[in-house]
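J.: Below you will find the structure I want to go over with you.
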Amino acid sequence: MLIDTRYSLVSRVFQNRGTVVDVDGVPVGGDEVVVMAGPCSVENEQMLLTTARFVAAHGARILRGGAFKPRTSPYSFQGLGEEALRMLAGARDETGLKIVSEVVSPDDVELVARYADMLQVGTRNMQNIALLKEVALARRPVLLKRGMSSTVEEWLLAAEHILVEGNPDVVLCERGIRTFEHATRFTLDLAAVALVRRLSHLPVVVDPSHATGRRDLVPPMSLAAVAAGAHGLILEVHPRPDQALSDGAQSLDFDGFAGLMAELRARRTPQPLTT
Ligand code: PEP
Ligand code: MN
């Protein structure tokens, strides 16, 4: 077969059928819109457990929570590291939620993979090739966030790096890109979601929290993401957003999360592209 794209393994030319990534029993890429929710950073056991119980009760399937935080400023909270991973594993045991957590260094991949069901590669690391190779070898599903200044082609080529190393379980995540617009934290590129659904067989999810930076924009952009074809959402939720150690302004409180989940259920329509 002649493949005329720079990426091949991730392309619909290579595989027309949509890939469903199995996150230890939670299928991402099928008919269900999978919600991953939780705090930006794991701050302590109590807030994590309270959040995990709440989001699980309202339909989330995967718990997010940063243990290693790649912060823009070196003076910001950097995360609790392995202690946070242990807390995430405890929350999984109690709630049944699966765990996604970011890994920022190739040296930490084995450690994070020991606790997490899915490894997150963040926007600042999308083109960290050494990290992509290491997460490919870890034999865990990977949530690959789009680089904030990366084109769709670069994003798909980053995914290609993981597939070519033998790990087919990649979920793409649109989380906003840098543009001239500063009214929102980033610019949520939903056209890229609809486009990537056509170019690639990999599942695509959307992070409206980081994309907008504003909790009031998270519900409308979540609904828009699903309308554009997203297979899931990753949402920041905090019991007291005003006291969050990171990203409070974009974190939903519990009422906001429950309201959004109810709206998502009410408006659920079939995916525009079911393959
Ligand atoms: C996060 O999900 O907490 C995060 C840091 O995301 P991003 O890499 O998209 O900024
Ligand atoms: Mn965050």
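Readers should treat all values here as calculations from the given coordinates under stated rules, not as data from a laboratory. Just so it is clear, the structure is predicted and the values come from calculations on it, not from any experiment. Here Cβ is always computed from backbone atoms with ideal geometry, including for glycine, and neighbour counts include all displayed protein chains.
J.: Most mobile of Gly59, Gly147, Gly38 per a Gaussian network model of the chain (Cα springs, under 10 Å)?
T.: Of Gly59, Gly147, Gly38, the most mobile in the Gaussian network model is Gly59.
J.: Another question about this same structure. For a quick check of your reading of the filter: which trypsin sites (Lys or Arg not before Pro) in segment 177-256 sit in a DSSP loop and have no more than 15 other Cβ atoms within 10 Å? If you can, show how the numbers build up before the last one.
T.: Values: sites: Arg178, Arg185, Arg197, Arg198, Arg214, Arg215; in loops: Arg178, Arg185, Arg214.
Here the trypsin sites (Lys or Arg not before Pro) that fit, given the DSSP loop and packing criteria, are Arg178, Arg214.
J.: Below 12 Å, Cα to Cα, which aspartates and glutamates can Lys133 reach? Residues fewer than 8 away in the same chain don't count.
T.: Output for Lys133: Asp107, Glu160, Glu165.
J.: Can I ask one more? For the chain, what is the relative contact order in percent, using Cα pairs closer than 8 Å and at least 6 residues apart in sequence? Present the calculation step by step, with values, prior to reporting the outcome.
T.: Working: 589 pairs, mean separation 57.3, N = 275.
Dividing the mean separation by the residue count of the chain yields 21 percent.
J.: For the pair Ala89 and Glu154, how long in nm is the line joining their label points, each one 7 Å along Cα→Cβ?
T.: In this crude label model, Ala89 to Glu154 measures out at 3.6 nm.
J.: Restricting to Cα pairs below 8 Å that are 6+ residues apart, what does the relative contact order work out to for segment 151-275? Please round to a whole percent. Mind showing how you got there, number by number?
T.: Numbers: 178 pairs, mean separation 24.8, N = 125.
Averaging sequence separation for qualifying contacts and normalising by length gives 20 percent for segment 151-275.
J.: Right, another one. So between Asp255 and Asp31, what do we pick up on full extension, going 0.36 nm a residue minus the alpha carbon distance?
T.: On the way: separation 224, 0.36 × 224 = 80.64 nm, distance 2.60 nm.
The Asp255-Asp31 span can extend by a further 78.0 nm.
J.: Rounded to whole Å and ordered largest first, report the semi-axes of the equivalent ellipsoid of segment 12-83 derived from its Cα gyration tensor (root of 5λ). Show your work: numbers first, answer last.
T.: Working: eigenvalues 172, 68, 16 Å².
They are 29, 18, 9 Å, listed largest first.
J.: What dipole magnitude, in Debye to the nearest 20, does the chain give about its Cα centre under +1 on Lys/Arg Cβ and -1 on Asp/Glu Cβ? Mind showing how you got there, number by number?
T.: On the way: 29 positive and 33 negative charges, 106 e Å.
Approximately 500 debye in magnitude.
J.: Another question, then. Going Cα to Cα from Lys69, which lysines come in below 17 Å? Please leave out same-chain ones fewer than 8 positions away.
T.: Lys145
J.: Antiparallel as a % of all DSSP beta bridges within the chain, to the nearest 5? Mind showing how you got there, number by number?
T.: Working: 5 of 32 bridges.
Here the antiparallel bridges make up roughly 15 percent for the chain.
J.: Whats the longest run of the chain with zero chymotrypsin sites (Phe, Trp or Tyr not before Pro) that are DSSP loop and have at most 16 other Cβ atoms within 10 Å?
T.: Values: sites that count: Phe14, Tyr75, Phe77, Phe180.
My reading of the result: 78-179 is the longest stretch.
J.: Ok, one more. Just want the answer: with Cβ charges of +1 for Lys and Arg and -1 for Asp and Glu, which residue in Ile162, Val142, Leu235 is farthest toward the dipole's positive end in segment 80-236?
T.: With unit charges placed on the Cβ atoms, the residue in question is Leu235.
J.: Also, I was wondering about something else. What is the extension gain from Gln15 to Ala191, computed as 0.36 nm multiplied by their sequence separation minus the C-alpha to C-alpha distance, in nm to one decimal? Mind showing how you got there, number by number?
T.: Numbers: separation 176, 0.36 × 176 = 63.36 nm, distance 2.18 nm.
Going from the current span to full extension adds 61.2 nm.
J.: What does the charge count around Gln243 come to, taking other residues whose C-beta lies under 15 Å from its C-beta (Lys +1, Arg +1, Asp -1, Glu -1)? Walk me through the intermediate numbers first.
T.: Numbers: positive: Arg215, Arg240; negative: Glu43, Glu236, Asp242, Asp247, Asp253.
Neighbourhood net charge equals -3.
J.: In debye, nearest 20, what is the charge dipole magnitude of segment 193-256 about its Cα centre with +1 on Lys and Arg Cβ and -1 on Asp and Glu Cβ, if you could check?
T.: Numbers: 5 positive and 7 negative charges, 72 e Å.
That gives a dipole near 340 debye.
J.: Can you compute the charge dipole magnitude of segment 1-149 about its Cα centre, using +1 on each Lys and Arg Cβ and -1 on each Asp and Glu Cβ, nothing else charged? Give it in debye, rounded to the nearest 20. Don't skip to the answer; put the middle values down first.
T.: Working: 18 positive and 17 negative charges, 100 e Å.
My answer is approximately 480 debye.
J.: So, R0 is 41 Å and r is the distance between the beta-carbons of Asp107 and Ala266; what FRET efficiency does that work out to, to 0.05?
T.: Details: r = 45 Å, r/R0 = 1.10.
Efficiency at R0 = 41 Å is approximately 0.35.
J.: Something else now. Rounded to the nearest 0.05, what FRET efficiency is calculated for Thr179 and Ser76 with R0 set to 25 Å and r the Cβ-Cβ distance?
T.: Details: r = 24 Å, r/R0 = 0.95.
For Thr179 and Ser76, the calculated efficiency is 0.60.
J.: Follow-up. Filter the trypsin sites (Lys or Arg not before Pro) in segment 88-157 down to the DSSP loop ones having no more than 14 other Cβ atoms within 10 Å, then list what survives. Can you show the working numbers first?
T.: On the way: sites: Arg92, Lys98, Arg114, Arg124, Lys133, Arg139, Lys145, Arg146; in loops: Arg139, Arg146.
Counting only loop positions with at most 14 other Cβ atoms within 10 Å, the trypsin sites (Lys or Arg not before Pro) in segment 88-157 are Arg139.
J.: Pop the C-beta distance of Gln243 and Arg114 into the FRET formula with R0 = 41 Å and round what comes out to the nearest 0.05.
T.: It comes out at approximately 0.85.
J.: Fully extended, how many nm does the chain gain between Arg198 and Thr50 (0.36 nm per residue separation, minus their Cα-Cα distance)?
T.: On the way: separation 148, 0.36 × 148 = 53.28 nm, distance 3.86 nm.
My answer for the length gained is 49.4 nm.
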